[in-house]
Each structure stands twice: as structure tokens, then as C-alpha cells.
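Okay, structure first, notes after.
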Amino acid sequence: MQPAENADGERSFIEEARRKQIVTAAIEAIAEDGYSRASFVRIAARASISPGLITYHFKTKERLIREVLAHIEGRLDRAMEGGPEPLEGFEDGLRRIVTGHITHCASHPQEMAARREVLSAALPPALQEHVARGDDAGRAELIAFLTDGQRHGEFRSFDPEVFTDALFAALSSAPRSVRRRPAEEHGAYAREMADLFAEAATGRG
């Protein structure tokens with residue numbers, strides 16, 4: 001049996017709500033039990049549904065993990081956009097990327113823990129390739145952004161790939177860094193990190 005879809009091939013509201021419930025339960029299970037122990041049985045228990053219902057919607061754990069990553073990465077991307085206000089230039093965009101990422105990590109530690117568990121696990125080859133493609137796309141997008149900032153004269157001359165390596169490394173450490181700090185320090189930490197990279201990009205400081 002296939003999940004019900006409407007005439008346009010779209011899932012119903014009920015179908016989408018059930019999938020979201022399963023994804024949320026999967027994030028909780030992965031964050032608290034680890035990737036390898038987050039079985040359909042454990043996830044179903046958290047969602048108060050039968051394991052068969054997870055199979056009905058996702059067929060395999062690999063498909064469910066893809067959906068989990070898409071959910072987490074989508075929310076993280078939106079956080080790094082910094083809200084609906086128009087950008088005031090490339091420096092503003094860079095600051096939003098940094099502060100948005102760190103703030104989201106601080107506000108959603110369970111999602112970040114689940115993401116870390118998945119990315120550090122021994123994934124099946126197809127899922128490894130999926131993760132690698134996403135990482136490559138994110139790097140390419142940031143490199144293009146930095147290059148445009150240089151072309152418009154807002155950023156100084158530097159190697160965008162080297163800058164991207166440094167920024168990715170800093171953002172990857174953000175979940176661990178915010179866990180070590182009290183909540184009242186998270187905003188200052190995000191601003192200081194944004195200042196650091198903005199000054200590095202513009203040459204001002």
C-alpha cells in the first residue's frame with residue numbers, strides 16, 4: 001500500500017502530519033539513543049504508533065534519515081537567512097549566516113545532536129553520497145557568496161575556499177561550544193563569532 005496522495009500527486013494534510021510526527025520522534029530517538037540504536041521500534045514507541053506505520057510512510061531507515069536530515073538542514077538554512085528583513089549588503093549576509101547558525105544550535109540542541117549522530121555514523125554508501133552532495137552544495141553556495149562579495153568590493157581579496165574551510169569548521173564546533181556556555185552567553189558568543197568573520201572578510205578590525 002502506498003501513502004495516499006491527491007489528484008496532483010501531493011500528500012494529504014493527515015499524511016504530512018503523520019510524517020512530521022515520525023520525523024520528530026526519529027530526531028528524539030537518534031539524539032538520545034544514538035543513530036545505530038534508533039530502530040523503527042524505538043522511534044514508533046516515542047511517537048506512540050506501530051513500527052509498521054513508519055514502514056508504510058518511509059519503507060527503509062535510509063529514507064527516514066534522508067527526511068530527518070532534510071528537516072534539520074532546512075530549518076538551519078532558514079535560520080541562517082536571518083529573517084525577512086532585506087539584506088543590507090554582503091557583510092550583513094555573512095553576519096546572519098554566523099549568528100543564525102549559532103543561535104539555532106543553541107535553541108535546538110536536540111536537532112543538532114541528532115544531526116551530529118547521523119553525520120558521524122557508519123552510513124550506507126548511498127546515504128554517505130547523499131550527505132556528501134549536500135555538503136558540497138553548501139560549500140559551493142558559500143564560495144559563490146564570498147566571491148560575489150569580493151566582486152562588489154565589500155570583501156577584501158582572499159581565497160574563498162580557505163575562508164569557507166575556516167567558517168565551516170567554526171560553525172561545526174558551534175553546537176559543542178554553546179553547550180559549554182550558560183544560555184545568557186549565547187548571544188554574545190554568536191555576535192563575537194560574527195564580528196570575527198566579518199572583520200576577516202572585510203579587512204576591517
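Every number here is computed from the coordinates shown, using simple stated rules; none is lab data. Here the structure is a predicted model, which is why all the values come from computation and not from measurement. Neighbour counts run over all protein chains shown; Cβ positions are idealised from the backbone, glycine included.
Roughly how tilted is helix 13-33, in degrees to the nearest 10 and between 0 and 90, from the longest Cα axis of the chain?
Once rounded, one gets 70 degrees.
Using 0.36 nm per residue of separation minus the Cα-Cα distance, give me the extension gain between Arg11 and Arg37 in nm, one decimal. Could the numbers behind the result be given before it?
Numbers: separation 26, 0.36 × 26 = 9.36 nm, distance 2.94 nm.
So the chain would gain 6.4 nm between Arg11 and Arg37.
Between Ala170 and Ala183, what is the spin-label point distance in nm, taking each point 7 Å from the Cα along the Cα→C-beta axis?
So the two model labels end up 2.6 nm from each other.
Please give the helix 186-202 orientation as an angle from the longest Cα principal axis of the chain, in degrees from 0 to 90, rounded to the nearest 10.
50 degrees
Let me check I have the definition right: for the range 106-146, take the eigenvalues of the Cα gyration tensor, multiply each by 5, take square roots. What are those semi-axes in whole Å, largest first? Show your work: numbers first, answer last.
Working: eigenvalues 88, 65, 6 Å².
Output for the range 106-146: semi-axes of 21, 18, 5 Å.
For a protection proxy built on the mean count of beta-carbon atoms within 10 angstrom, sort 46-53, 97-104 highest first, please. Please list the in-between numbers first.
Details: 46-53: 14.5, 97-104: 22.2.
Going from most to least packed, we get 97-104, 46-53.
With charges set only on the Cβ (+1 for Lys and Arg, -1 for Asp and Glu), what does the dipole of the range 93-205 come to about its Cα centre, in debye to the nearest 20?
Working: 14 positive and 16 negative charges, 58 e Å.
Here the size comes out at about 280 debye.
Taking the Cα-to-Cβ direction at Val162 and at Tyr56 and moving 7 Å from each Cα, how far apart do the two end points lie in nm?
Result for the modelled spin labels: 5.7 nm.
Could you line up Asp148, Asp136 from fewest to most neighbouring Cβ atoms inside 10 Å? Spell out each step's value before the answer.
Values: Asp148 14, Asp136 10.
With the sparsest Cβ surroundings first, the list reads Asp136, Asp148.
Using the beta-carbon distance between Ala121 and Glu192 and R0 = 22 Å, what value does 1/(1 + (r/R0)^6) give for FRET efficiency, to the nearest 0.05?
On the way: r = 32 Å, r/R0 = 1.45.
The value I calculate is 0.10.
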